[in-house]
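The next block holds one structure in the form of structure tokens; read it before the comments.
The values are calculated or read from the model by the stated rules, or taken from the named source; none is laboratory data. All values reported here derive from a predicted model rather than from experimental measurement. Here the Cβ positions follow ideal geometry from the backbone for every residue, glycine too, while neighbour counts run over all protein chains shown. Areas reflect the complete protein model, heavy atoms only, side chains present, ligands, DNA and RNA absent. Shrake-Rupley method; radii C 1.70, N 1.55, O 1.52, S 1.80 Å.
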Amino acid sequence: MEKEKLLITSSPHIKDDDTVEKIMYGVIIALIPASVMGVYYFGLHALLLIIASIAAAVVTEAVFQKFRNYPVTITDGSAVITGLLLALNLPPGLPVWMAIVGSVFAIALGKQVFGGLGHNPFNPALIGRAFLVASFPVHMTTWISPVDGTTTATPLGLMKLQGVSTDYMSLFLGKIGGCIGETSALAILIGAAYLLYKGYIDWRIPLSYLGTVAVLTTVFGQDPIFHLFAGGLMLGAFFMATDMVTSPITKKGRWIFGIGAGILVVVIRLWGGYPEGVSYSILLMNGVTPLINRYTRPRVFGEVKNNG
Amino acid sequence: MTLLKDLTRGLWRENPIFRLLIGMCPTLAVTNAAINGLAMGLATSFVLICSSIIISLIKNFIPSKVRIPCFIIVIATFVTIADLVLAAFFPDIHAVLGLFVPLIVVNCVILGRAEAFASKNPVHRSIFDALGMSIGFTWALLLISIVREILGMGSVFGINILGKAFTPFLIMVLPPGAFLAMGVLLGIMNTIQDKLATR
């Protein structure tokens, strides 16, 4: 009888009812407002990019797992999230086949070559985006205005090249040029509030990330509110920096991760060659996450008080 | 039979690039176009074959304590010849390969064969060994550079084959593309090797 067997397992022995599927579908629900706003502002082509990117991610995951004789786990929603996040990080006028290429790359070389979900050192969606930026620099930096459909610059691009600021209301609602899912801070915050309420993301990373950017931009004489709401910072801080696989597991480590990413964003935005640096800041901090985990490991048998 | 084994060793079983993973520096640096990969492969082959012959000939006169400097001097001589010949007859390729031609001196493939084979075996075997390793090195470089040129520029040896509709993946001719192409090809080679081994 199966039940009579004595099960010997390592800890943890107490589990809550969160599963990979539950959390993944929670994140997908949280991304719906940003996706809807993206489609509302940028039209059907944006919807097409989102669908193509998700489909390519799911199919790639299934083919890869089949080929390597792994159990096919496309129903857990992780590939859907990668495809959706990648699409939200693409310019709305991008040719559909490029989104598919990026999505295939993100799953195949960003995730599955390392062993699949839980083993990837870098956020797969950002790997896909970085690959597309390096491959098609012109297409990936051609932005469309949600007002009249003409080519425009992003608020950060305007700020960097011409010193022109954008008014807060447009930044907050998303009536600006930019990636499909990054323009509306309001929609992202609604999704983020849902995730925080559900406890699927830790508040430490977004708080330290956004806080560092706000403090540093103020110190260097920039407008902190503009820098918080412009570009992909909101989307990155709540949905990509908080990825459970690629961010630190310790609380102290999460503070370090957020502060480090915040410093990198400000450095890239103010002095770098690109107007925006959210994706690179998160990727670079993903790279040092194992190191952060190692050095912030809590003491197992309690801590010794200094001067105690 | 031994000679045939010496020759075929470098082609696949101990292919310097795909099986031993040595000589990675030129492999990653100059394989952005097929012509560069081929030129690098041939220049390295010339140095490898000539220095293997000389080192095999003089192996009994080299004191073992200073053998590495002696190998380097022999290799450097042929690298200088290759460098000057390339500069004189193929200035375009020489300009592209640049620093990586003098760097053949410290290519692990050449020093590795000198140390592991030429200094321990008679001349005729060393020639076959060097020839096999050269072909192995050249085909590997050529394969990587063809893959990168097709994806990164849509052409092979500068001749456009994918037409205007194809948007090149710029990343493939940039340094990250070298790692991507190398990594994926290595995975394919390992899969083939596994299939061969289980058969």
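Enter the accessible area per residue of the range B:2-142 (Å², integer; probe 1.4 Å; all protein chains in place). Could the numbers behind the result be given before it?
Values: 6320 Å² over 141 residues.
In whole numbers, the range B:2-142 has 45 Å² accessible per residue.
Counting Lys +1, Arg +1, Asp -1, Glu -1, what net charge surrounds B:Gly177 among other residues with beta carbon under 13 Å of its beta carbon? Walk me through the numbers before you get to the answer.
Details: positive: B:Arg148; negative: B:Glu149.
Local charge sum for B:Gly177: 0.
Can you divide the C-alpha Rg of the range B:2-115 by 2.2 N^0.38 Å and report the result to two decimal places? Could the numbers behind the result be given before it?
On the way: Rg = 14.5 Å, N = 114, 2.2 N^0.38 = 13.3 Å.
So the range B:2-115 has a normalised radius of gyration of 1.09.
Would you mind working out the accessible area per residue for the range A:118-208, using a 1.4 Å probe, and quoting it in Å²? It would help to have the intermediate numbers written out before the result.
Working: 3890 Å² over 91 residues.
That works out to 43 Å² per residue.
With a 1.4 Å probe, what is the total accessible area buried between chains A and B, in Å² rounded to the nearest 100?
On the way: alone 15700 and 10140 Å², together 25090 Å².
Summed over both sides, the interface buries about 700 Å².
For the range A:118-175 and the range B:92-145, what is the centre-to-centre distance using only Cα atoms, to the nearest Å?
With the range A:118-175 and the range B:92-145 each reduced to a Cα centre, they are spaced 46 Å.
Can you give me the P(r) profile for the protein assembly as shown? Cα pairs, bins 20 angstrom wide beginning at 0, each as a whole percent.
In order of increasing distance, the bins hold 20, 42, 30, 9, 0 percent.
What ratio of Cα Rg to 2.2 N^0.38 Å holds for the range A:21-295? It would help to have the intermediate numbers written out before the result.
On the way: Rg = 17.3 Å, N = 275, 2.2 N^0.38 = 18.6 Å.
Scaled against compact globular proteins, the figure is 0.93.
How much net charge surrounds B:Phe71 when only the other residues with a Cβ under 11 Å from the Cβ of B:Phe71 are counted, with Lys and Arg +1 and Asp and Glu -1?
Working: positive: B:Lys59, B:Arg67, B:Arg113; negative: B:Glu115.
With Lys, Arg at +1 and Asp, Glu at -1, the neighbours total +2.
Using the Kirkwood radius built from alpha carbon pairs, what does the Stokes-Einstein equation give as D for the range A:44-183 at 25 °C and 0.890 mPa s, in µm² per second? Mind showing how you got there, number by number?
Working: Rh = 15.7 Å.
My calculation gives 157 µm²/s for D.
Calculate the spin-label point distance for B:Cys108 paired with B:Phe157, positioning each point 7 Å from the Cα along the beta-carbon direction, and give it in nanometres.
Here the answer is 3.1 nm between the modelled labels.
What percentage of the solvent-accessible surface of the protein assembly as shown, computed with a 1.4 Å probe over protein heavy atoms, is contributed by carbon and sulfur atoms? Walk me through the intermediate numbers first.
On the way: 17470 of 25090 Å².
Reported share for carbon and sulfur atoms: 70 percent.
Place a point 7 Å from the Cα of A:Thr75 along the Cα-to-Cβ direction; which residues of the range A:14-34 have their backbone N under 19 Å from it?
The answer is A:18-29.
What FRET efficiency, computed as 1/(1 + (r/R0)^6) with R0 = 60 Å and r the Cβ-Cβ distance, is obtained for A:Leu7 and A:Asp167, rounded to the nearest 0.05?
Details: r = 61 Å, r/R0 = 1.02.
Between A:Leu7 and A:Asp167 the formula returns 0.45.
How much solvent-accessible surface does A:Val63 expose, in Å² to the nearest 10, with a 1.4 Å probe and all protein chains in place?
Surface open to solvent at A:Val63 totals about 90 Å².
Largest first, what is the accessible-area ranking of A:Ile180, A:Ile256, B:Ile159 with a 1.4 Å probe?
Working: A:Ile180 0, A:Ile256 75, B:Ile159 110 Å².
Of A:Ile180, A:Ile256, B:Ile159, the descending order of accessible area is B:Ile159, A:Ile256, A:Ile180.
Can you check what the Kirkwood hydrodynamic radius comes to for the range A:1-120, Cα pairs only, in Å to one decimal? Please list the in-between numbers first.
Numbers: mean 1/r = 0.0630 Å⁻¹.
Evaluated on the range A:1-120, it is 15.9 Å.
Would you check the accessible area of B:Arg13, probe 1.4 Å, heavy atoms only, in square angstrom rounded to 10?
Answer for B:Arg13: close to 130 Å² accessible.
How many percent of Cα pairs in the range B:100-199 exceed 23 Å? Each step should come with its number before you reach the end.
Values: 2332 of 4950 pairs.
Distances greater than 23 Å cover 47 percent of the Cα pairs.
Pull out the extension gain between B:Lys65 and B:Ala116, defined as 0.36 nm times the separation in residues minus the alpha carbon to alpha carbon distance; nm, one decimal.
Numbers: separation 51, 0.36 × 51 = 18.36 nm, distance 1.52 nm.
The B:Lys65-B:Ala116 span can extend by a further 16.8 nm.
Report the Cα-based extents of chain B along its three principal axes, largest first, to the nearest Å.
61, 49, 25
Hey, if we sort A:Lys22, B:Lys120 by accessible area with the 1.4 Å probe, largest down, what's the order? The partial results should precede the final answer.
Numbers: A:Lys22 90, B:Lys120 135 Å².
Highest to lowest solvent-accessible surface, that is B:Lys120, A:Lys22.
Please compute the modelled spin-label separation between B:Ala165 and B:Ala87, points set 7 Å along Cα→Cβ, answer in nm with one decimal.
4.8
Starting from the Cα-Cα distance between A:Phe220 and A:Val36, subtract it from 0.36 nm times their residue separation and give me the gain in nm to one decimal. Don't jump to the answer; show the numbers that get you there.
Working: separation 184, 0.36 × 184 = 66.24 nm, distance 3.52 nm.
In short, 62.7 nm is gained.
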